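Trainee: Can you read through this structure? Questions will come right after.
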2 protein chains.
Amino acid sequence: MSAFVFPARTTTAEIELGTTLQPKFDAEGLIPCITTDHLTNEVLMFAFMNAESLAHTLRTGKATYWSRSRRKLWCKGEESGNVQLVKAVLTDCDQDVILLKVESIGGVSCHNGYKSCFYRQLSGQADPDNQASMTLQFVARRLVDPKTLYKKKA
Amino acid sequence: MSAFVFPARTTTAEIELGTTLQPKFDAEGLIPCITTDHLTNEVLMFAFMNAESLAHTLRTGKATYWSRSRRKLWCKGEESGNVQLVKAVLTDCDQDVILLKVESIGGVSCHNGYKSCFYRQLSGQADPDNQASMTLQFVARRLVDPKTLYKKKA
C-alpha cells in the first residue's frame, strides 16, 4: 500500500478550532492513539499509528496500528480474531493524538487475556519515597487464557 | 527537586503480570499519560510525564505532566485553577503508559475551554481517499471562554 498523505498542518487557529483533519505525526512518522470502548468509554489500549495505519483504519473501519517492535502494520485482531470495529475517530486540540471509540469483538483487547491493557492500579498507599509501597493491584478479571488467544487461526 | 528513580525493569513476566510498578520511560525519559474522568471514564487529555512528574503526581495527588515545549514540570491547573485530583493511577500490560483517573476541578481540562481536549470527531462520511471529506465535527460544548481561563491569578 502506498504511503498516505494527510492534509498539511496550517495555522494554530485552524488546527485547534477548525474542521479539517490535520494530524501531527512525530519525527518518526507516528501519532499516539488511545482506544476506548464506545459504550463505556473505558480505555482499552494505547498504541501508535503512522499515516498508513490511520488511513487503513479509516478505509476498513477496523483499528489498525503501527507495530514499532515488528515494524509493520498491525491490524488488531488479525491473529486473535479480536477485531476492533471503529465507531468514532476523534482528535485532540492540537491534533497530535487520535482517539478511537470501538466495539471490541470478543471483548478482549489485551494480549494477556484482559478486556483492557489497564488491568492493574497502584495501591492507595503508594508513596514514591518508599519503593516497597509502590505495588500494583489487579483490578480486572482475566477473560481468556492468553495461551489460547493466538491459536484461533492455527 | 531531585530526579526520582522508579524500580528498574526486570522480566517480561514480572512487568506484565507482576505487582511492582516498573514504568518504562523512553529514550527521552518520557512515558505517555492518558487522563480520564474518574466517574465517566471520558478521556480528558493526553500528555507526557517524566519520572519527576510521575513522582510529583504521586506525592501531591495532583496530575503533573512534563511540558515538552516549555521543558518544565507542568502542574496542571497551576495557572487556570483547573487542578486534576488523582483518584487512581493505572498502567498497561507492558508498563509503558500511565492512565490517571481524576476529578477535574472546574471541569475544564482543555486550554481551549472544553471539558476534554477531544472535542472534535471525524464526520461519518470520512473517506481517506477524498481529502475534502475528512472534516471534523464539534461534539462538545465550550464551557469557558479561553481568554478568561488563564487570568484567574492575574
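Trainee: Looking at residue B:111, is it open to solvent by 10 Å² or more (accessible area, probe 1.4 Å), of a type outside the set (S, T, N, Q) and outside any loop (DSSP other than H, G, I, E, B)?
Mentor: no
Trainee: Quick one: which of A:86, A:102 is of a type in the set (A, V, I, L, M), more than 18 Å from residue B:46 (Cα to Cα), in a strand (DSSP E or B) and in contact (Cβ under 8 Å) with a residue 60 or more places away in the chain?
Mentor: Exactly one of A:86, A:102 is of a type in the set (A, V, I, L, M), more than 18 Å from residue B:46 (Cα to Cα), in a strand (DSSP E or B) and in contact (Cβ under 8 Å) with a residue 60 or more places away in the chain, namely A:102.
Trainee: Name every residue in the stretch A:5-49 that is in contact with a Pro (Cβ under 6 Å, 6 or more places away or on another chain) and either more than 30 Å from residue B:92 (Cα to Cα) or assigned to a loop (DSSP other than H, G, I, E, B) (or both), in order of residue number.
Mentor: A:6, A:20, A:22
Trainee: Among the residues of the stretch A:89-108, write down those that are at positive phi and open to solvent by 10 Å² or more (accessible area, probe 1.4 Å).
Mentor: Within the stretch A:89-108, A:106, A:107 meet the criteria.
Trainee: Same structure, new question: Could you check residue B:148 against (1) surrounded by fewer than 16 Cβ atoms within 10 Å (Cβ to Cβ); (2) not in a helix (DSSP H, G or I) and say which number it fails?
Mentor: Failed condition: (2).
Trainee: Suppose the filter is at pLDDT 95 or above and either out of contact with any strand residue (DSSP E or B) (no Cβ under 7 Å at 6 or more places or on another chain) or open to solvent by 30 Å² or more (accessible area, probe 1.4 Å) (or both); does residue B:84 pass it?
Mentor: When the stated conditions are applied, residue B:84 does not pass them.
Trainee: Sticking with this structure for a sec: Quick check on residue B:47: is it within 9 Å of chain A (Cβ to nearest Cβ) and among the small types (Gly, Ala, Ser)?
Mentor: For residue B:47, the condition - within 9 Å of chain A (Cβ to nearest Cβ) and among the small types (Gly, Ala, Ser) - is not met.
Trainee: What residue, of A:52, A:28, A:16, A:79, is more than 12 Å from every other protein chain (Cβ to nearest Cβ) and surrounded by fewer than 20 Cβ atoms within 10 Å (Cβ to Cβ)?
Mentor: From the options A:52, A:28, A:16, A:79, the qualifying one is A:79.
Trainee: Give me the residue from the stretch A:117-136 that is among the polar types (S, T, N, Q) and at the interface with chain B (Cβ under 7 Å from one of its Cβ atoms) and, out of that set, most open to solvent (accessible area, probe 1.4 Å).
Mentor: Looking at residues that are among the polar types (S, T, N, Q) and at the interface with chain B (Cβ under 7 Å from one of its Cβ atoms), I get A:131.
Trainee: Restricting to the stretch B:38-52, name every residue that is within 11 Å of residue A:128 (Cα to Cα) and either touching a strand residue (DSSP E or B) at 6+ places or on another chain (Cβ under 6 Å) or of a type in the set (A, V, I, L, M, F, W, C) (or both).
Mentor: B:51
Trainee: How about the stretch A:66-76: which of its residues are open to solvent by less than 70 Å² (accessible area, probe 1.4 Å) and either in a loop (DSSP other than H, G, I, E, B) or touching a Lys or Arg at 6+ places or on another chain (Cβ under 9 Å) (or both)?
Mentor: The answer is A:66, A:75, A:76.
Trainee: From the residues in the stretch B:31-42 that are open to solvent by less than 10 Å² (accessible area, probe 1.4 Å) and in contact with an Asp or Glu (Cβ under 8 Å, 6 or more places away or on another chain), which one is nearest to the other protein chains (Cβ to nearest Cβ)?
Mentor: Restricting to residues being open to solvent by less than 10 Å² (accessible area, probe 1.4 Å) and in contact with an Asp or Glu (Cβ under 8 Å, 6 or more places away or on another chain), the top hit is B:36.
Trainee: Take residue A:143 and decide whether it is touching a residue at least 12 places away in the same chain (Cβ under 8 Å), open to solvent by 50 Å² or more (accessible area, probe 1.4 Å) and either in a loop (DSSP other than H, G, I, E, B) or polar (S, T, N, Q) (or both).
Mentor: Considered against the rule, which asks whether it is touching a residue at least 12 places away in the same chain (Cβ under 8 Å), open to solvent by 50 Å² or more (accessible area, probe 1.4 Å) and either in a loop (DSSP other than H, G, I, E, B) or polar (S, T, N, Q) (or both), residue A:143 comes out as yes.
The values are calculated or read from the model by the stated rules, or taken from the named source; none is laboratory data. The structure displayed is predicted, hence computed values, not measured ones. Here Cβ is always computed from backbone atoms with ideal geometry, including for glycine, and neighbour counts include all displayed protein chains. Side chains included, ligands, DNA and RNA excluded: accessible areas come from the protein's heavy atoms. Shrake-Rupley method; radii C 1.70, N 1.55, O 1.52, S 1.80 Å.
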